[in-house]
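Below: one structure, written as structure tokens.
The values are calculated or read from the model by the stated rules, or taken from the named source; none is laboratory data. Computed from a prediction, not measured in an experiment: that's the story for all the values here. Here the Cβ positions follow ideal geometry from the backbone for every residue, glycine too, while neighbour counts run over all protein chains shown. Heads up: the accessible areas ignore ligands, DNA and RNA and are worked out on the full protein's heavy atoms, side chains in. Shrake-Rupley method; radii C 1.70, N 1.55, O 1.52, S 1.80 Å.
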Amino acid sequence: MRSTRGDLRDLFGQSVAVFASLAGPAHVVEAATPAFFAVIGDERAGIGTPLAELGPDLAGRSLLAPLDRVHRSAESHIERDVRVVRGVGAHEQETFFDVTYEPRRDANGDVTGILVIGVETTQVRHAQQLMAEHRALLEQIARQAPLGEVLDGMARCIENLAPQEVLVSVLLADSDGTRLRHGAAPSLPDFYNQAIDGITTGEGIGSCGTAAHRREPVIVTDIATDPLWDDFRELAGRAGLGACWSTPILARDGSLLGTFAMYHRIPRVPQDSDLALTRVFAGTAALAIERHHSEQARQSAEAHAEAARAELARAVRAEQQLRAEAELRATAATALAAQMRAAAATHASAPHPKHCQLGGSHGCTAPAELKVADPWGDSAWGCLAHAEEAILNVRSAFIADEDLGGLAAYLNR
């Protein structure tokens, strides 16, 4: 595995040194490095050319603006972070230089020209910006910011820092690693993100599906001709995509977390700086996703534990309620039994009639064999048939004839 130092070296490369020896107030080029002519925007210029002849729209005018002042004052001058825009349109590129302007003198001390020595600081500025953005992302991860917010911020950071236009996409793997879901892609068209959301992982499934399947980077420099994009070529064409470099995002145990992709509008071969940028941020994405999974697992475990505690509490309350109800029933049964015993004792002294008293308005001439009573103090003698009817239909009615055998006499009739 490459070291972080190696990745940073690939990211920021070597600074460009600019040198020129200019003569006279017209600043005629006596000697210069090719980088000087590239910076001022006229690589065709040569030795012996006055700078004024390079045209009023000189790309490096901000770099050369102090020349007249230095020539007049005969004093050295240093400019920091001089901004120079090179190229035009889609090829426009912003660069920065630290430039020293040193007057050249003859034997009499008169200024005869100027030495221009510049060191490009673009890489330093980009490195500082990248490190600041990367630190901000790590802080977001540490404070457990939403995963979508972290990934979206990471994608925009890369798109802003890349020297050429790039569109970043992060896809997240399902738990079984068989499908990839949309994670972040702020600059890709919505129809494209929707179309690839849920694609399977496997050989020939574009750059991302194949990278996820192989567990290794897949570099497609020309989508229009690469067979990996046979099923997605028309979709990529509608989205205006010409190249796609995809890297699998892997957990520490090697399991698949997702893919990190860099799209380009035109066919393009990655440089070392591109691959280094991919490695740096694929690792950051892995950290964010793993942290998200850990947080989800923690929340799920806490939810299960809370549900178990709530269920246990419900069971305890139900058991307490059942116990309380049982105690109430036992108390009521004890009281009823005592009431029935008291009622039976009260009814025991009542006279024994000859005929059944439970025959209703029509009367009953059958012999009175059993005394039926209730806890409220009412009692009557009845025949076996009417006594049975009363016991079945009158709540809490009971046989109170202890002298004649009570229930035993009724059962043995």
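Structural remarks
- Overall form of region 129-182 per C-alpha gyration tensor (a/c, 1.5; a/b vs b/c): oblate
- Rounded to the nearest 20 debye, the dipole size of region 165-300 about its Cα centre is 280 debye, using +1 on the Cβ of Lys and Arg and -1 on the Cβ of Asp and Glu.
- Applying the criteria of a DSSP loop state and at most 14 other Cβ atoms within 10 Å to the GluC sites (Glu not before Pro) of region 91-160 yields Glu92.
- Tensor-based shape of region 242-395 (alpha-carbon gyration tensor, a/c under 1.5 rounded, otherwise prolate or oblate): prolate
- Solvent-accessible area of Leu277 with every protein chain in place, 1.4 Å probe, in Å² to the nearest 10: 20 Å²
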